[in-house]
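Student: Input: one structure, supplied below.
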Amino acid sequence: MAPTKKRAPLAAVILAAGKGTRMKSGTAKVLHELSGKPLAWYAVRAALDAGAAPVVVVVGHQAAEVEARLRSELPDAPLRFALQVEQKGTAHAVRAARQALRGVTGPVAILSGDVPLLSAATLKRVVAARGRARAPLALATMALAEPRGYGRVVRDGRGRPARIVEEKDASPAEREIQEVNAGLYCADAAFLWKALARVGSQNAQGEFYLTDLVALAARRAAPVAVEVDPLEASGVNDREELARAGQVLQRRRASALMRAGVTIEVPERFLCDEGVEVGPDTVIEPDVRLRGATRVGAGCRLGQGSVLADAVLAPGVTVRPYTVIEGPATVGAGAILGPFSRIRPGSELAEGVHVGNFVETKKTRLGKGSKANHLAYLGDAVVGAGVNVGAGTITCNYDGEKKHETRIGDGAFIGSDSILVAPLEIGAGAYVAAGSTITKAVPPGSLAFGRAQQVVKEGWVARKQAEKAAARRGAKGGR
Ligand code: UD1
Ligand code: CA
């Protein structure tokens, strides 16, 4: 075997400074979200997955926000940011990255921040093709029946890429060309900086076009064109394209989960953020949405219309339809939630807990096997194991100024329609009578009543009727 030459590491530039005029938005295009991540995250992720380091993101519009968002999404990634103060074109944008790429002598991949479906495998293919051909430049191209909006690839007499012409600069004949520039390149660093210095702005848009690199490279050695799947390379320039890319991402997520053993009853009606995990043999009913850092264990069932954000579910949890979890929240094995439960931040529901319809929990721990099956509000509560919370029970955790805690011991029984005025402690095994307003501590093992004593007047109805009849007779006699 021939000794393998040590390859110079790959660096990458992501172009993300543009405003995205066609989005008609107050938010920079690359910050618009797809599956819970900003648009630019996808290109950065593909570059990182292809092994690029550093990855330089060229920012301009809302630069601080774009940088902050990407750094918080990818805290450990080798990211650098370069500022392009004025957006004078894609070549101008890459020039802005020069300082951030000092010392880089190997191949530089260039990606658009608005192309979210590109895979790392495709990027690697472009990088490898340039390496193999030892060409100054490789570019991704695709064949489109409807090439509108893209730069067209003009080939020379020998079929080699000679230049790219942007639509606005193209002749009618050139506009007929269906092979277009996908906007993904890999260039040799030395060539890149030399060529960029020679790119001018004499064109229909008065911009510095990165696409001019193709003609500049062709003078030295033919650039390599790598054909890629148009689906992967399609850009997001307006809201319709954003929605279409979102659909493709959702389909990919659903397929990956199904391959990993998750049942998705109607994949077209399932929404799932990047990074969400779902265990095998979990069944997902239609219209479920999983967001943020949600992790669902194996063998769970997620009922129709449920929305889970930042929720961590142990195996075997049943979420009945139309339940909302606004985490961070954890749910123990075998717990049953819903239908129509609302689990808010700081809820920790242990193994075997039942939380039923119209029950809201917030910053509340429910111990093993505890139940609150109907119409309850549990906020700032620490509830032990095996506790039964009756229908209509609420914790009065807020006095208008501060939040207070309610503590309920193991095995306690809270009768229906109880009002628990916090701060409050109810001991283990204690009983609270239905309809009570409890304001003082209830010791373990005791029974607390907090309601008016019932009064029974026997024979009251008959006496009342007799009185009425007498009054009627008296009235007649008087006439
Ligand atoms: C570009 C290509 C076109 C190709 C298409 C593929 C050029 C001149 N044209 O066109 O050949 O078919 O991509 O999707 O390159 N950006 C900056 N700074 C700037 C200008 C742009 O950072 O000054 C960024 C944008 O934010 C965007 C990316 O570069 O993420 C591409 O710019 P865009 O204006 O969308 O280029 P296209 O018209 O799509
Ligand atoms: Ca674009």
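Rule-based calculations on the coordinates, nothing more; no lab input. Remember, predicted model here, so these are calculated numbers, not experimental data. Quick reminder, even Gly has a Cβ in these numbers, built from the backbone with ideal geometry, and neighbours come from all protein chains shown.
Student: Given segment 346-479, what percent of its DSSP beta bridges are antiparallel, to the nearest 5?
Tutor: Around 5 percent antiparallel, to the nearest 5.
Student: I need the calculated FRET efficiency for the pair Leu231 and Arg22, taking r as the beta carbon distance and R₀ as 25 Å, to the nearest 0.05.
Tutor: Efficiency at R0 = 25 Å is approximately 0.80.
Student: Moving on. Of the listed peptides 218-225, 407-414, what is their order by residue-averaged count of other C-beta atoms within 10 Å, with the highest listed first?
Tutor: In descending order of packing, they fall as 407-414, 218-225.
Student: Now for a separate question. Are there any GluC sites (Glu not before Pro) in segment 140-234 that are in a DSSP loop and have at most 16 other Cβ atoms within 10 Å? List them by number.
Tutor: Glu176
Student: In which sequence would Trp460, Trp41 go, from the one with the fewest C-beta neighbours within 10 Å to the one with the most?
Tutor: Trp460, Trp41
Student: Please turn the phi angles of segment 319-329 into ³J(HN,Hα) values with the Karplus equation 6.51 cos²θ - 1.76 cosθ + 1.60 (θ = phi - 60°), one per residue in order, whole Hz, x for glycine and proline.
Tutor: Karplus-based 3J(HN,Hα) across segment 319-329 equals 10, 7, x, 6, 9, 10, 10, 10, x, x, 8 Hz.
Student: To the nearest 0.05, how large is the calculated FRET efficiency for Ser255 and Ala452 if R₀ is 60 Å and r is the Cβ-Cβ distance?
Tutor: Computed FRET efficiency for Ser255 and Ala452 comes out at 0.45.
Student: Over the chain, what is the mean sequence separation of C-alpha contacts under 8 Å (at least six apart), divided by residue count, expressed as relative contact order in percent?
Tutor: 8 percent
Student: Related question: What nm value, rounded to one decimal, do you get for the distance between Arg219 and Ala293 when each label is placed 7 Å out toward the C-beta?
Tutor: 5.3 nm
Student: Quickly work out the Ala120-to-Ser72 label distance, labels modelled 7 Å from Cα along the C-beta direction, and quote it in nm with one decimal.
Tutor: Label at Ser72, label at Ala120, 2.5 nm between them.
Student: Find, among the GluC sites (Glu not before Pro) in segment 395-458, those assigned to loop by DSSP (not H, G, I, E, B) with at most 10 other beta-carbon atoms within 10 angstrom.
Tutor: Glu401, Glu458
Student: Quick one: work out the % antiparallel among DSSP beta bridges in the chain, nearest 5.
Tutor: If we restrict to bridges inside the chain, about 15 percent are antiparallel.
Student: Still on this structure, I have one more. Given 10 °C and 1.306 mPa s, compute D for segment 195-343 with the Stokes-Einstein relation, Rh being the Kirkwood radius over Cα pairs; round to the nearest whole µm²/s.
Tutor: 87 µm²/s
Student: How do Cys272, Cys396 rank when sorted from fewest to most other Cβ atoms within 10 Å of their own Cβ?
Tutor: Ranking Cys272, Cys396 by Cβ neighbours within 10 Å, fewest first, gives Cys396, Cys272.
Student: Collect residues whose amide H, placed 1.01 Å from N in the peptide plane, falls under 5 Å from the amide H of Ser112; neighbours closer than 5 in sequence don't count.
Tutor: Residues meeting the amide H criterion: Leu15.
Student: Under the 0.36 nm per residue contour assumption, what length would be gained going from the current alpha-carbon distance of Ala441 and Trp193 to full extension?
Tutor: Additional length available on full extension: 81.7 nm.
Student: Now, a different point. When every alpha-carbon pair in segment 369-475 is counted, what percent end up more than 18 Å apart?
Tutor: Tail fraction, whole percent: 52.
Student: Enumerate the calculated ³J(HN,Hα) couplings along segment 141-157 in order (Karplus 6.51 cos²θ - 1.76 cosθ + 1.60, θ = phi - 60°), each rounded to whole Hz, writing x wherever the residue is Gly or Pro.
Tutor: Running phi through 6.51 cos²θ - 1.76 cosθ + 1.60 with θ = phi - 60° gives 10, 8, 9, 10, 5, 10, x, 3, x, 9, x, 8, 8, 9, 9, 7, x Hz.
Student: Given Cβ point charges of +1 (Lys, Arg) and -1 (Asp, Glu) and nothing else, what value in debye, to the nearest 20, does the dipole of the chain about its Cα centre take?
Tutor: Result for the chain is approximately 380 debye, rounded to the nearest 20.
Student: Order these by the 10 Å Cβ neighbour count, fewest first: Ser35, Ser416, Ser446, Ser171.
Tutor: Ser171, Ser446, Ser416, Ser35
Student: Go through Gly384, Gly235, Ala16 and say which Cα lies farthest out towards the positive end of the charge dipole of the chain; charges sit on Cβ, +1 for Lys and Arg, -1 for Asp and Glu.
Tutor: Comparing the listed Cα positions along the dipole, Gly384 ranks first.
Student: Once Rh is set to the Kirkwood radius over Cα pairs, what Stokes-Einstein translational diffusion coefficient, in µm²/s, holds for the chain at a temperature of 20 °C and a viscosity of 1.002 mPa s?
Tutor: 80 µm²/s
Student: A further question follows. Short version: ³J(HN,Hα) in whole Hz for each residue of segment 412-425, in order, from phi by Karplus 6.51 cos²θ - 1.76 cosθ + 1.60 (θ = phi - 60°), x for Gly and Pro, what are they?
Tutor: Working through the residues one at a time gives 5, 10, 9, x, 4, 6, 8, 10, 9, 8, 7, x, 8, 10 Hz.
Student: Moving to a separate point now. Please tell me the relative contact order of segment 27-100 in percent, rounded to the nearest whole number, where contacts are Cα pairs under 8 Å and at least six residues apart.
Tutor: Computed value for segment 27-100: 29 percent relative contact order.
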